[in-house]
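**Student:** Input: one structure, supplied below.
The values are calculated or read from the model by the stated rules, or taken from the named source; none is laboratory data. Remember, predicted model here, so these are calculated numbers, not experimental data. We place every Cβ from the backbone using ideal geometry, glycine too, and count neighbours over all the protein chains shown.
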Ligand code: OAD
């Protein structure tokens, strides 16, 4: 048997009534946004998550944490969606519905025109007051933010209660936003094909989605150049990057549709 992950996945694509996508940091990597667990340049290899991604860390040193998130905002702001993001949007147009459940806090799926994105871990740009929850209007990202991840910048002050701004991401120890969490679980629990792209599968609840699909007899496929915690559950592991695999999948889905 020849190894033809694109052909197999394209066939499953047509056989499935409901398809859902799960994405992680790896889908943004080829746009220049770092992943978390890469041993060399992953965020958690270079920075301490307890200091930078927890409420305690924020209370201890808000200027350091705010400066770090301004840097992350600048990195995303300067990044562009790649061919894989665009292919995913084109794939969505081939079906009535293609929900994209993402663990990413960037907006690259949206900027690639994807109409149905569920952010499980929040949104980098949705800043709100740490005390009263009031959303902040557009945050100004200084030019130098892109160069300096460890600058100290005081967060803006809330006009309502005098509290300070925090980024709209989920920190360690915090619950996920409930509507997105419930929707993602329900989509994973009802689809018959789930495709995970660029996630290590180390973090719940995304780590449990493959079992939800498989328990009901659905298929689970992953696109990732490396082994992941989801690999043992995978009916298909396509060892390629997102920018390589997704345009190829689109091509094969279109070819299979034509040949009937
Ligand atoms: P990780 O950094 O844990 O995993 C990234 C995955 O992407 C790895 O499995 C890589 O092999 C893969 N990868 C790298 N380059 C790729 C490429 N070009 N194409 C496809 N895959 C590629 O990131 P996540 O799984 O997203 O949470 O991490 C999950 C959560 O852990 C994040 O949302 C974040 C983090 O703590 C919060 O911040 C709440």
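**Student:** Can you spot a residue in the range 159-166 that is in contact (Cβ under 8 Å) with a residue 40 or more places away in the chain and under 20 Å from residue 43 (Cα atoms)?
**Tutor:** Yes, there is a match, as at least one residue in the range 159-166 is in contact (Cβ under 8 Å) with a residue 40 or more places away in the chain and under 20 Å from residue 43 (Cα atoms).
**Student:** Before we move on, is residue 162 more than 16 Å from the ligand (Cβ to nearest atom) and closer than 24 Å to residue 66 by Cβ? Step through it out loud before you land on a result.
**Tutor:** Values: more than 16 Å from the ligand (Cβ to nearest atom): yes; closer than 24 Å to residue 66 by Cβ: yes.
Here the answer is yes, as residue 162 does meet what is asked.
**Student:** Just give me the residues in the range 122-135 being surrounded by 20 or more Cβ atoms within 10 Å (Cβ to Cβ) and either out of contact with any helix residue (DSSP H, G or I) (no Cβ under 9 Å at 6 or more places or on another chain) or free of Cβ contacts under 8 Å to residues at least 40 places away in the same chain (or both), in sequence order.
**Tutor:** If the condition is that a residue be surrounded by 20 or more Cβ atoms within 10 Å (Cβ to Cβ) and either out of contact with any helix residue (DSSP H, G or I) (no Cβ under 9 Å at 6 or more places or on another chain) or free of Cβ contacts under 8 Å to residues at least 40 places away in the same chain (or both), then 129 is the only one that fits.
**Student:** Please determine, by comparing only the residues of the range 82-105 that are more than 13 Å from the ligand (Cβ to nearest atom) and in a loop (DSSP other than H, G, I, E, B), which one is surrounded by the fewest Cβ atoms within 10 Å (Cβ to Cβ).
**Tutor:** 96
**Student:** Could you tell me how many of the residues in the range 164-205 are surrounded by 18 or more Cβ atoms within 10 Å (Cβ to Cβ), in contact with a helix residue (DSSP H, G or I) (Cβ under 8 Å, 6 or more places away or on another chain) and closer than 13 Å to residue 119 by Cα?
**Tutor:** Count: 2.
**Student:** Also, quick follow-up: What number of residues within the range 127-171 satisfy the criterion of being at pLDDT 95 or above and either part of a helix (DSSP H, G or I) or under 21 Å from the mean Cα position of the chain (by Cα) (or both)?
**Tutor:** Count: 8.
**Student:** Within the range 1-34, can you find the residues that are assigned to a loop (DSSP other than H, G, I, E, B) and touching a residue at least 12 places away in the same chain (Cβ under 8 Å)?
**Tutor:** Scanning the range 1-34 gives 16, 17, 18, 24, 25, 30, 31, 32, 33, 34.
**Student:** Of the residues that make up the range 67-80, is at least one surrounded by 21 or more Cβ atoms within 10 Å (Cβ to Cβ), modelled with pLDDT of 95 or more and either out of contact with any helix residue (DSSP H, G or I) (no Cβ under 9 Å at 6 or more places or on another chain) or not in a helix (DSSP H, G or I) (or both)?
**Tutor:** No: zero hits.
**Student:** Specify the residue that is nearest to residue 237 (Cα to Cα); the eligible residues are those in the range 13-59 that are more than 11 Å from the ligand (Cβ to nearest atom), crowded, with 19+ Cβ neighbours inside 10 Å and over 18 Å from the mean Cα position of the chain (by Cα).
**Tutor:** 13
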